[in-house]
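The values are calculated or read from the model by the stated rules, or taken from the named source; none is laboratory data. What you see is a predicted model, and the numbers here were worked out from it, not measured in a lab. Cβ: placed from backbone, ideal geometry, glycine included. Neighbour counts: every protein chain shown. SASA here: full protein model, heavy atoms, side chains in, ligands and nucleic acids out. Shrake-Rupley method; radii C 1.70, N 1.55, O 1.52, S 1.80 Å.
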Amino acid sequence: MNNNQKSIYSALAANLLIALTKFIAGAFTNSSSMISEGIHSTVDTANQLLILYGMKRSKKAPDQSHPFGYGKELYFWSFVVSILIFGLGGALSVYQGIAHIMEPEVMKDPFWNYIVLLLSLIFEGTSFIIAVKAFNQTRNGMRWWDAIIKSKDPSSFLVVFEDGAAVAGLIIVMILMWLSHSLQIPELDGLASVIVGLLLVFVSFILARESRSLLMGEGIANETREKIAQLAEKDAAVVKTKNILSTYQSPEEVVLMLIIDFEDHLDTEEITEAIRRIRKDIKNEFKFVHFVIIQPE
C-alpha cells in the first residue's frame, strides 16, 4: 500500500465515524451547522470510496478496446468527486444555512455538539497530518501550489484539500456555534453552514480544474519536452526533432509521439534502427513514458 492509499484509508475511517456522530448530535441539539458538518463528512466518505475505486480501475491491464490501458479512470472519478463536493457538500450546506437563517431555531444545549466537534477535530486533524506528509513526499522541494498544478495524480492532493477544508470548517462551526448560543443569535448557526458550504465550493473548483485538465489529455511539462528533444537529437541519424505530442494516461504512464527529421542519405533499415535506439534511450531515461511512437518527417 502506497502513501496516497494510506492517507485515503485513514481519511475514510475518520469520516465514517465522524459523520454518524455529527448527525446524531445535530438532530439531538437542533443545530443546522452540525447537520451540515454531517453532510460534509458523509460526502467525504463517499469521495474516498470513489477515489479508491478509481485507483483500482486505473490499474486494469490494456485490452483490445482500451489499448493504452484504463489509467484515465482515476481522472474521471476525481472529477466526479469534485462535482459531489460542489453539489452534495457545498450547495447543500449553503441551502441548509440560508434556510436556518430565514427561519432560525433556538439551539438546545450544545454540550454534545462541542464534544463531537472536538473529537472530529482530533480525527480530521490526524488524517490531515497524514495526508500532508504523504503529499510532501511527492513534492520534491516544489512549492505547494506548483506541486498541485504539476501533479498528475489527483489522489495525492485530493485528501489534503478535503481534510484541510474539514479542519477549517470545524473551527468555523465551533466559533460561530459558541457565539450563537452565548449571544442567543440563532442566525449565526446558519451562517456557519453557509461559510462551510462556500469553503467546499471553493475546494471543488480547484479539484475540478485539475481533474478536468488531466481528463482532457494534459501533456508533459515543457522542460521534459526539451529534454526528450535533446535526447533524440543526440543520435547521429537525427537532424532535428520537429514536434513532440504527449498525453498522460495515468500518473505513471505517458503516451509520447515524436515527429523527427532524419538525415536524407539514410535508407529505411537505418531509419528503423535509429527509431529503435531513440525509443530505448527515451524509455531508459523517462520511466513514466510507456509508449513511444516515432514518425519520420
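Quick notes on this one:
- Sole residue being of a type in the set (A, V, I, L, M, F, W, C), part of a loop (DSSP other than H, G, I, E, B) and more than 16 Å from the chain's Cα centre (by Cα), chosen from L188, L266: L266
- Candidates E252, E273, E269, filtered to the one that is surrounded by fewer than 16 Cβ atoms within 10 Å (Cβ to Cβ) and at pLDDT below 90: E252
- Restricting region 127-172 to residues that are assigned to a helix (DSSP H, G or I), more than 28 Å from Y114 (Cα to Cα) and hydroxyl-bearing (S, T, Y) leaves a set whose member that is most open to solvent (accessible area, probe 1.4 Å) is T138.
- Region 67-114, residues that are of a type in the set (D, E, K, R) and either modelled with pLDDT of 80 or more or open to solvent by less than 50 Å² (accessible area, probe 1.4 Å) (or both): K72, E73, E103
- Qualifying residue in region 232-244 (condition: open to solvent by less than 80 Å² (accessible area, probe 1.4 Å) and within 30 Å of W77 (Cα to Cα)): yes
- When region 5-54 is limited to residues that are closer than 14 Å to F123 by Cα and among the hydroxyl-bearing types (S, T, Y), the one that is modelled with the highest pLDDT turns out to be T45.
- Restricted to helices (runs of 4 or more DSSP H) entirely inside region 1-120, those with at least 1 residues that are of a type in the set (S, T, Y) and more than 17 Å from the chain's Cα centre (by Cα) are 3-29, 32-58, 92-102.
- Look at region 268-291: where a residue is within 15 Å of T241 (Cα to Cα) and a partner is assigned to a helix (DSSP H, G or I), sitting 6+ places away or on another chain with Cβ atoms under 9 Å, you get I278/L231; I278/A232; D281/L231; D281/A232; I282/I228; I282/L231; I282/A232.
- Options I275, I294; residue that is within 40 Å of the chain's Cα centre (by Cα) and part of a helix (DSSP H, G or I): I275
- Hits in region 188-217 (condition: under 23 Å from I244 (Cα atoms), among the charged types (D, E, K, R) and open to solvent by 20 Å² or more (accessible area, probe 1.4 Å)): R212
- Qualifying residue in region 145-157 (condition: farther than 24 Å from Q249 by Cβ, of a type outside the set (V, I, T) and at pLDDT below 80): yes
- Pick from region 122-164, criterion among the small types (G, A, S) and within 14 Å of the chain's Cα centre (by Cα), ranking: farthest from I83 (Cα to Cα): A134
- Top-ranked residue in region 119-143 [being hydrophobic (A, V, I, L, M, F, W, C) and free of Cβ contacts under 8 Å to residues at least 12 places away in the same chain; ranked as farthest from W178 (Cα to Cα)]: M142
- Hits in region 38-66 (condition: buried (at least 20 other Cβ atoms within 10 Å of the Cβ) and among the charged types (D, E, K, R)): D44
- The one condition in (1) among the hydrophobic types (A, V, I, L, M, F, W, C); (2) within 25 Å of the chain's Cα centre (by Cα); (3) under 30 Å from E124 (Cα atoms); (4) crowded, with 19+ Cβ neighbours inside 10 Å that I220 fails to fulfil: (3)
- Within region 173-187, the residues that satisfy the criterion of being open to solvent by 10 Å² or more (accessible area, probe 1.4 Å) and on the phi < 0 side of the Ramachandran plot are M174, I175, L176, W178, L179, H181, S182, L183, I185, P186, E187.
- Considering (1) open to solvent by 50 Å² or more (accessible area, probe 1.4 Å); (2) in contact with a helix residue (DSSP H, G or I) (Cβ under 6 Å, 6 or more places away or on another chain); (3) not polar (S, T, N, Q), the lone condition that A19 does not fulfil carries the number (1).
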